[in-house]
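Structure record follows, encoded as structure tokens.
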Protein chains: 2
Amino acid sequence: MAKDEDRIEIDDNTGFVGDYLLYLLAAASDAASADFHAHVREQGLRVPEWRILACLSDEDGQMVTQLAQLALIEQSHLTKIVDQMAAKGLVKRRSDERDRRRVRVFLTAAGRALGARLVDQARAHEHAIIARLRPGEAALLKDALKHIHALYRAGSRVSAAPAAAPVELEARPT
Amino acid sequence: MAKDEDRIEIDDNTGFVGDYLLYLLAAASDAASADFHAHVREQGLRVPEWRILACLSDEDGQMVTQLAQLALIEQSHLTKIVDQMAAKGLVKRRSDERDRRRVRVFLTAAGRALGARLVDQARAHEHAIIARLRPGEAALLKDALKHIHALYRAGSRVSAAPAAAPVELEARPT
DNA sequence: TCAATTAATATGAATTCGCATATTTTTGCC
DNA sequence: GGCAAAAATATGCGAATTCATATTAATTGA
């Protein structure tokens, strides 16, 4: 039987984090993704690899920097993952003809097949999620998320505290 | 001047990821959080440390497992971060009187002060974000995020593909 | 056209992170 | 009461991730 101090605040609305937008975004993202990410790992892929497959399925032959930004992966990390995926035979590199600094990443046949399969499964999974929401809720949510994403893509600081003056560390001494 | 192949798809609506809920959640979360996370790091804290401070500011003396779940950090990792924060003098451990398996984490005076300051700044930053959204959009968004979070907190699989049959890896060989 | 600057990617070292599991304490059941 | 099972935390280690920087290529402008 649960002791007093065991009871978990089911929805502690009194706190800060429980209504903090950035927390809600991170928490919802984590929670909603957990299932599918587990599925991805069961297929022998890591989450970043799945993201790369998905992004390349949308548009093959992206350059490394592009792909990293789209797949939410830091550039040097992406480079290493592409190494591994190339070793697994899922992608291959080809340097851009016109600008030989650039390296474009292409799906192999196996990568394309695996990507297509996972994208299908992701679609199905998404349907299942949306089915648990209220009618129209998903559309509203997606719109708002796209809006936020668009606002903060490039940069355009929001200034939590003047970016120049990093918020004096010890506020007024008495 | 930009060459043809340079133009970046401003909003590639034709693709899968650009309208995939789990992607939008992760991308919006990343994008919206980038600024404040940078601010946190300028203060000499890592993001998980900030999350811990925020969670403890809401409710001090949480047990490790509780705190890990709330702060979106894996348990063994949280343990290590608490070690470091204790070394920095931001938190201290105290084992629970009634159940000595449990370890409760408390803010020190310094930790409480730093946490309070950052929470204030986070509130200001959140206001700045919300100000850039449409009226009422933030409320709708938060509701939807809380809804999703609530649906997927404990588990309750959504089945993307039969969890038991992990989707045969090489489909029919001709 | 050449040097300086900028852009794109890769590399190496240091750190963070997560899984599996050990350890300690409590609970449930006979 | 005592023993198996469960719960809470910590630990070790390997892999993932990041940061700073090296490398190579293109661009600029004098």
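The values are calculated or read from the model by the stated rules, or taken from the named source; none is laboratory data. Worth saying up front: this structure is predicted, and the values here are computed from it rather than measured. Glycine gets a Cβ as well: all are built from the backbone with ideal geometry, and neighbour counts include every protein chain shown. Each accessible area value is taken on the protein alone, full model and side chains, heavy atoms only, with ligands, DNA and RNA left out. Shrake-Rupley method; radii C 1.70, N 1.55, O 1.52, S 1.80 Å.
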Take every residue in peptide A:99-105, count the Cβ atoms of other chains within 10 Å of its Cβ, and give the average of those counts.
1
Quick shape check on the stretch B:10-67: root eigenvalues a ≥ b ≥ c of the Cα gyration tensor, a/c under 1.5 is rounded, otherwise prolate if a/b tops b/c, else oblate, and it reads oblate
Where along chain B is the Cβ that lies nearest the axis linking it to chain A, and how many Å separate them?
B:29, 2
Once you order the gyration tensor axes a ≥ b ≥ c over the Cα atoms, which shape class does the stretch A:47-150 get: rounded for a/c under 1.5, otherwise prolate or oblate by comparing a/b with b/c?
prolate
Can you list, shortest first in nanometers, how far residue A:88 lies from the same residue in the other copies, with each label 7 Å from Cα toward Cβ?
3.4
Considering every residue in B:112-123, what mean count of other chain Cβ atoms within 10 Å of its Cβ is obtained?
3
List the residues whose amide H sits under 5 Å from the amide H of residue A:91, counting only those 5 or more places along or on another chain, with H placed 1.01 Å from N in the peptide plane.
A:86, A:108
Residue-span extension gain [residue A:75 to residue A:19] - 0.36 nm each, minus C-alpha spacing
16.9 nm
What nm distances, shortest first, do you get from the label point of residue B:106 to those in the other copies when the point sits 7 angstrom along Cα to Cβ?
6.4
Nearest-first distances (nm) between copies at residue A:123, label 7 Å from Cα via Cβ
4.7
Using modelled backbone amide H atoms (1.01 Å from N, in-plane), which distant-in-sequence or interchain residues come within less than 5 Å of residue A:96's amide H?
A:102, A:103, A:104
Could you tell me the total accessible area buried at the A-B interface, probe 1.4 Å, in square angstrom to the nearest hundred?
8100
Over 22 Å between Cα atoms, which of A:146/B:146; A:142/B:146; B:80/B:146 qualify?
B:80/B:146
Send over a whole-number figure in Å² for the accessible area per residue of the stretch B:88-154, probe 1.4 Å.
55
How high is the FRET efficiency from residue B:84 to residue A:38, r the C-beta distance, R0 30 Å, rounded to 0.05?
0.55
Using only atoms on other chains, find how many Cβ atoms lie within 10 Å of each Cβ of peptide A:31-40 and report the average.
6
Efficiency of FRET from Cβ geometry, residue A:128 and residue B:139, R₀ 35 Å, rounded to 0.05:
0.85
